[in-house]
Amino acid sequence: MRTQVAIIGAGPAGLLLGQLLFKAGIDNIIVERQSGDYVLGRIRAGVLEQVTMDLLARAGVDARAKAEGLPHEGIELLFKGARHRIDMHGLTGGKQVTVYGQTEVTRDLMEARSAEGLATIYSAANVSLHDFDSRRPRVRYEKDGQTHEIECDFIAGCDGYHGVSRASVPADAIQTYEKVYPFGWLGVLADVPPVSHELIYANTERGFALCSMRSAHRSRYYVQVPADERVQNWSDEAFWDELRARLDPEARERLVTGPSLEKSIAPLRSFVAEPMRFGALFLAGDAAHIVPPTGAKGLNLATADVGYLSRAFEIFYGEKSASALDRYSDLCLRRVWKAERFSWWFTSLMHRFPETGAFGQKIQEAELDYLVHSHAASTALAENYVGLPLEDF
Ligand code: FAD
Ligand code: DHB
């Protein structure tokens, strides 16, 4: 088999890249380790920046996100038992985010890809990358007991944090930066109406909580738990009790509970690999960087990377110039580090850290008080939350 760009991974980064390249007339094949159903079963992010919506539009897959996604113009910060609204729309000159689940983004991209008859190889075992430091890179995989090989011009490593792409790079060619947090998020998805029409980020002495949603009838809630907590220890009832205990009296009263459709614990980590390009191999999304989820930047960073990468491939094939591909890593990393900083800061502000005790709690409350009453501080939060702009090559 031969293609122009071999894409490893059919998460949002790989699928969106495939669709953007197809629109630009660039041939691509996606190789995914899991089955399509498995990929669609993962419940993850829920907030899309305008930059992501614009990229979905460029890829021709924004119809359902526009029709069914919920536009949000503000968020609420809850601390010391009271809620304070951050007017993102007013503070950013009219920007907003769209609440629309990653699962739905993935479904829309998969459907568009299969409608065009584009090649996606699901359930590919033992995927391996070869000769990406040469002009003849290749990807090998096993399927149905046979070994297959794809020859290509470039490889896009969109295979997430645990993927094979970053792991294929020689250790002396890559530098990594990492911070692991001493807690995780226990998340529940349930078919109950959201407690509030905007997202609530709560700082409490019992730990962080987040009230989010997927639609007017489906809610997504999270509570901070210790890093070594096990999901089996949490009945639905225990989860709802803990969430209720972290809300303000009005929200506590309004909270509607029900059986969980999904319940899982996600660890929190900050991670960046530099650079994001190694010869003919380009990393994008979680393969190159991880943010803690506070502020919902993970999915949005992944889409921004492939926005840059697809444009750089267009310039390469259309204008016969490698200059944009040469700038890819630097351009991505500038924006990635800003999102890393924001996600680390918002995580640090909102969570209970075992080691900082009552003093840490007081400092957080003072910063939150300053944040919601200072125009400058609120604007900085709003600008980052709605998403920083993409630069031009
Ligand atoms: P992924 O979605 O990880 O996709 C990578 C794909 O590559 C997967 O389909 C995987 O099966 C495939 N793959 C892996 N290894 C191989 C291989 N060897 N060969 C072939 N294919 C391979 N972000 C938020 O903003 N808010 C959230 O609430 C949130 N919750 C999260 C919860 C969890 C449990 C996780 C893991 C992430 C969460 N994120 C959240 C982050 C967000 O979901 C990711 O940033 C986003 O999925 C990144 O997309 P991606 O395409 O880069 O990677
Ligand atoms: C969701 C996740 C986030 O990390 C966040 O900051 C907001 C919403 C969600 O899953 O809905």
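Just so you know, all these numbers are worked out from the coordinates, no wet-lab data involved. Keep in mind the model is a prediction, meaning the values are calculated, not measured. Cβ atoms come from the backbone with ideal geometry, glycine included; neighbour counts cover every protein chain shown.
General observations
- Global geometry of the chain, whether rounded, prolate or oblate, following the gyration tensor of its Cα atoms and the 1.5 cut on a/c: prolate
- Helix 298-319 axis versus longest C-alpha principal axis of the chain: approximately 30°, rounded to the nearest ten.
- 0 to 90° range, to nearest 10: angle between helix 236-245 axis and the chain longest Cα axis: 60 degrees
- Chymotrypsin sites (Phe, Trp or Tyr not before Pro) within the range 1-81, DSSP loop, no more than 15 other Cβ atoms inside 10 Å: none
- Gap separating the Cα centres of the range 319-375 and the range 302-318, nearest whole Å: 25 Å
- Remark: the range 13-80 is approximated by an ellipsoid whose semi-axes, taken from the C-alpha gyration tensor as √(5λ), come to 28, 18, 10 Å, largest first.
- Where Rh is the Kirkwood radius over Cα pairs, Rg/Rh for the range 100-222: 1.10
- Separation of the alpha carbons by more than 20 angstrom is noted, of 297/338; 143/263; 179/297; 179/338; 66/263; 338/362, for 143/263; 66/263; 338/362.
- Spatially, the range 200-254 and the range 97-126 are offset by 30 Å when compared through their Cα centroids.
- Evaluated at q = 0.10, 0.11 Å⁻¹, the base-10 log of the normalised Debye intensity for the range 285-393, with identical point scatterers placed on the Cα atoms, takes the values -0.40, -0.46.
- Choice from 319, 76, 32 showing the highest fluctuation, given a GNM over the chain with Cα pairs closer than 10 Å: 319
- Proximal charge balance of residue 114 [Cβ under 14 Å; K/R count +1, D/E count -1]: -3
- Backbone phi angles across the range 376-384, fed through the Karplus curve with coefficients 6.51, -1.76 and 1.60 (θ = phi - 60°), yield HN-Hα couplings of 5, 5, 4, 5, 4, 4, 4, 4, 6 Hz in residue order; Gly and Pro are listed as x.
- Relative contact order (%) - the chain, alpha-carbon pairs under 8 angstrom, separation at least six: 21 percent
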